Amino acid sequence: MADRLRDKVALITGAGSGIGPATAVLFAQEGAKIALADLRSADLDTVEGVRVNALCPGFVFTNLTKALTDQPESRRFLEEKHPMGRLGQADEIARAALFLASDDASRS
């Protein structure tokens, strides 16, 4: 019954301990693309072949932030809270995600 999860994506929380690693391995064996999450990234090292990364970009210009960023006072307030002095762009976050998902980000 292999490939029961082909073309499926699974987010497995608590993936570094308990039933998480076994679930991750089984889902991968069944053809799923898996995303793993755990409170401690070190716990995910126990799941073979997993690269652990996270993006926490702060406010980014999107349709979800438009109501705030269209108001000059709100936009200035948000920009002052970011080290770069501006809000992020979606393509900047996408490029960071691509790098982190690639072999270029491997620690080995």
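The values are calculated or read from the model by the stated rules, or taken from the named source; none is laboratory data. Every value quoted in this text rests on a predicted model; they were computed, and no experiment measured them. Neighbour counts are summed over all protein chains in view; Cβ atoms, including those assigned to glycine, are modelled from backbone coordinates with ideal geometry.
Summary of values
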item	result
Pairs, first at pLDDT 95 or above in region 70-82, second part of a helix (DSSP H, G or I) and exposed (fewer than 12 other Cβ atoms within 10 Å of the Cβ), C-beta under 8 Å, six or more apart	none
Long-range neighbours under 8 Å by Cβ, at least six apart or interchain, first residue over 9 Å from Gly31 (Cα atoms) within region 1-15, second surrounded by 11 or more Cβ atoms within 10 Å (Cβ to Cβ) and hydroxyl-bearing (Ser, Thr, Tyr)	Ile12/Thr23; Ala15/Thr23
In region 65-108, residue surrounded by the most Cβ atoms within 10 Å (Cβ to Cβ) [restricted to those that are hydroxyl-bearing (Ser, Thr, Tyr) and in a helix (DSSP H, G or I)]	Thr69
Count - residues of region 20-39 that are touching a strand residue (DSSP E or B) at 6+ places or on another chain (Cβ under 7 Å), aliphatic (A, V, I, L, M) and not in a helix (DSSP H, G or I)	5
